[in-house]
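Take a look at the structure set out below.
Please treat every number below as a calculation from the coordinates, not as lab data. This is a predicted model, so every value here is computed, not measured. Every residue, glycine as well, gets a Cβ built from its backbone with ideal geometry; the counts of neighbours run over all protein chains shown.
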Amino acid sequence: MSNTPLDIVGLCGSLRSASYNRMALELAGSVMPAGMALEIADWRDVPVLDGDVLAQGLPPAVAALRERVRRADGVVFAIPEYNYSIPGGIKNLIDWLSRGDDQPFANKPVAILTASQGPLGGARVQYDLRKVLLFMNAATLVKPEVFIGSAQTKFDAQGRCTDETTRKFVGAQMEAFARWIAAVRRMQAA
Ligand code: FNR
């Protein structure tokens, strides 16, 4: 690995200020191994996908996110489960980014974690997101999977993780993600 830190983009599936997924993403950033740095990208200004708008070119917010993902060494998604599946806002963002032969998720290392106030921690949505990323030819890390159930009991009012097991799971996933990014690079170079 070079001395330049791995540039990791975080995409949170929830926009609300007290989002547990955002807390989980921040936790991931804080437990990443040395040599990785997380920046959470803001996608609040992305409009609803409209083929007529697309035909006129990518909206500035979409174009900026597309470039941000393209230059990243990896992407970490932290998303909630809405009605057993992917929240519309983040699916809309992925749909925008998916357009064109040069879509930025192709061969991009991706890690997924989900947090929910329910006991299953988003167990159902992860596989829907994996399916979408499969079509986009993303290099999605398989294991360890991270499901943060009953998230309201694992973070305090300041958004800090208070649960050592959660911290360890997320840390282990980020270590695996660093190894996975290196492995994907070796595969692409071969
Ligand atoms: C939910 N929630 C939810 N939880 C879950 O475990 N399975 C589900 O299918 C759903 N469905 C659902 C639909 C909608 C429209 C909302 C708003 C919420 C609850 C959800 O997991 C909880 O609100 C999380 O706290 C949302 O994530 P953030 O905002 O905390 O990151």
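A few remarks follow.
- Taking every Cα-Cα distance in the stretch 71-129 and sorting them into 5 Å bins starting at zero, the pair-distance distribution P(r) comes out as 4, 17, 25, 24, 16, 9, 3, 1 percent.
- Pairs of alpha carbons in the stretch 68-190 whose separation is greater than 26 Å (percent): 23 percent
- Note that the stretch 20-29 has calculated 3J(HN,Hα) couplings of 5, 5, 5, 4, 5, 5, 5, 4, 4, x Hz, one per residue in order, obtained from phi through the Karplus relation 6.51 cos²θ - 1.76 cosθ + 1.60 (θ = phi - 60°); glycine and proline are x.
- Estimated from helical segments only, the mean residue ellipticity of the chain at 222 nm is -12500 deg cm²/dmol, where each DSSP H run of four or more residues counts as -39500 (n - 2.57).
- Placing +1 on each Lys and Arg Cβ and -1 on each Asp and Glu Cβ, with no other charges, gives the chain a dipole about its Cα centre of roughly 400 debye.
- In whole percents, the pair-distance distribution calculated for the stretch 1-143 from its alpha-carbon pairs, binned every 5 Å from zero, is 2, 10, 20, 23, 22, 14, 7, 2, 1.
- Lys-Lys pairs in the chain that are eight or more residues apart or on separate chains and whose Cα atoms lie under 19 Å of each other come to 7.
- Distances between placed amide hydrogens fall under 5 Å for residue 107 paired with 138, 139, all partners being 5 or more residues away or on another chain.
- Fraction of beta bridges assigned by DSSP in the chain that are antiparallel (%, nearest 5): 10 percent
- Exposure proxy ranking for 105, 135, 169, based on other Cβ atoms within 10 angstrom of each Cβ and starting from the fewest, stands as 135, 169, 105.
- Proximity of backbone amide H atoms, modeled 1.01 Å from N, is registered between residue 146 and 114 at under 5 Å, excluding neighbours fewer than 5 places apart on the same chain.
- Where only C-alpha atoms are counted, convex hull volume of the stretch 143-190 per residue in Å³: 73 Å³
- Percent RCO, i.e. relative contact order, over the chain, from Cα pairs under 8 Å lying at least 6 residues apart: 25 percent
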